[in-house]
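The block underneath contains the structure these notes are about, expressed in structure tokens.
The values are calculated or read from the model by the stated rules, or taken from the named source; none is laboratory data. If you're wondering where the values come from, they're calculated on a predicted model, not measured in any experiment. Cβ coordinates were reconstructed from backbone atoms using ideal geometry, including for glycine residues, and neighbour counts include every protein chain displayed. Only protein heavy atoms, including side chains, enter the accessible area calculation; ligands, DNA and RNA are left aside. Shrake-Rupley method; radii C 1.70, N 1.55, O 1.52, S 1.80 Å.
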Amino acid sequence: MKRLIILGGGFAGLWAAMAAAGERAKTEVSGGNKGIKITLVSRDAYLVIRPRLYEGAGEDKRVLLKPLLDRIGVEFIQGSVEGVDPETKEVSMSGGRGKTLRYDSVILATGSQLKKLPVPGVEQYTFSADTYEDATVLDNQLDRIVTSNEITSKTLVIVGAGFTGLELATELSSRLKKMSDKDFRIVLVDRSVLAGQELGVNPKPYIDEALRLHDIELRMETSIKEFKQDCVVLSDGKVILTQTVVLATGLEASSLAGTFGEDLDFHGRLEVNPDLSIPGFNGAFAAGDVASAYVDNNHRTLLSCQHAIQLGRYAGYNALRVLRGKAPKVYEQAFYATCLDLGDWGALFTTGWDRVADKTGAEGKAMKQMINTQWIYPPSAASTSEEIFAFVSFEQEGKSA
């Protein structure tokens, strides 16, 4: 029996599993080769809805993997991957009961993690919303500072003024107003010239307006020299007294990407072929934040949920097709949009790579809530397998186009 192993239980990994199982089911109905086992390996029992962690932790921010995978006949193994040997086609698991898994095809979908700054004190004195556990710790810190009378509890520093930093700064401002009538100071620090600089010029007026509404203080063209227990030392020597420093310093791909070659991009991602196969490795595909694929002639995928879902869907379908000796599909994702939550101001929904504003304020917020609470979630485990397969089906997409 042939085996497809999917490494990672995030958006890319789960969508890959659903798409692969759907393609396998079509084969079984048509009387084709049934001998393909699909296994998903994840260190976490849940799909964490990571794009929502700036809102805080909570059970609505994660979805159990096994019930959904059981529904579609995909084996689930919870554990950490220690390494992958593309030559022998083996995955080694870590831990006291570590074992080796053999595959015929593999999809690397191990995601990304927060870039840690090489700055003294970063491990001891900073928070983040990168993982569910990190968001829980940050929630506890917010609970603590709203009841504290210490002067250092009244200031929060967000390091990184990109997409996540902006969402964190504005959302924390909104959350703290609901939690306490105390006046909190929020400082946004970044080495860039402008807040949200990577988003381009079109979103700037809306971002500036939201930051003014929340009275968020900007320290641009500034980096961190040192983190301490009760303060942050900036590169210009100035000191900000604080107990709460939240990192939003961008993402870097899982180190397992390096298993398949050293030619990685700035984020540590693998550049994949148009069908998402990894160059030079038979039966290997990459999806999500470990993969860099062309969306069009001018743009590559971003480390984002919207690209991870579609990359996973194509990778799962293609891996199963190739195992059956069938032709894969070329990855495509014509539509691109962003939806930036800006706290009490609302949200900014843009379309196209120039990020032209489409919905703003309350209208944008409604769109953000739709995306965050419905569009990025997988089907319920109570769904039938047919409903799940229809959810990821390319044929269904073609009918509705």
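Structure notes:
- Remark: the chain carries a charge dipole of roughly 920 debye about the Cα centre, counting +1 on each Lys and Arg Cβ and -1 on each Asp and Glu Cβ.
- Burial ranking of peptide ranges 258-264, 210-216, 3-9 (average Cβ count within 10 Å, highest at the top): 3-9, 210-216, 258-264
- Solvent-accessible area, 1.4 Å probe, carbon plus sulfur percent, for the chain: 49 percent
- Two-site FRET efficiency, Thr152 against Asp208, from Cβ-Cβ distance with R₀ of 41 Å, rounded to 0.05: 0.90
- For the chain: accessible area per residue (Å², 1.4 Å): 45 Å²
- Of the residues Gln310, Val159, Phe127, the one whose Cα sits farthest towards the positive end of the charge dipole of the chain is Gln310 (charges of +1 on Lys and Arg Cβ, -1 on Asp and Glu Cβ, taken about the Cα centre).
- Rounded FRET efficiency, nearest 0.05, which uses the C-beta distance separating Arg43 from Glu363 and R0 of 41 Å: 0.60
- Average Cα contact separation per residue, the range 1-93, under 8 Å, 6 or more apart, as relative contact order %: 29 percent
- Stretching Lys329 away from Asp230 to a fully extended chain increases their span by 30.2 nm, per 0.36 nm per residue minus the current alpha-carbon distance.
- The Lys99 and Glu262 beta-carbon pair, evaluated with R₀ = 41 Å, returns a calculated FRET efficiency of approximately 0.90.
- q = 0.15, 0.18, 0.20, 0.22 Å⁻¹, the range 29-166: log10 I(q)/I(0) [Debye, one scatterer per Cα]: -0.96, -1.17, -1.29, -1.40
- With both residues required to sit in the range 1-128, DSSP beta bridges show an antiparallel share near 40%.
- Taken along the Cα-to-beta-carbon direction at a fixed 7 Å, the label points for Met370 and Thr88 span 5.2 nm.
- Above-threshold pairs, the threshold being 31 Å between Cα atoms, out of Lys66/Lys204; Lys66/Lys178; Lys115/Lys365; Lys182/Lys238; Lys61/Lys359; Lys66/Lys89: Lys66/Lys204; Lys66/Lys178
- The chain: antiparallel DSSP beta bridges as a percent of all, rounded to 5: 50 percent
- Label separation (Glu271 vs Glu386): 4.6 nm, computed from points 7 Å beyond Cα along the C-beta direction.
- In the chain, Cα pairs under 8 Å separated by at least six residues give a relative contact order of 20 percent.
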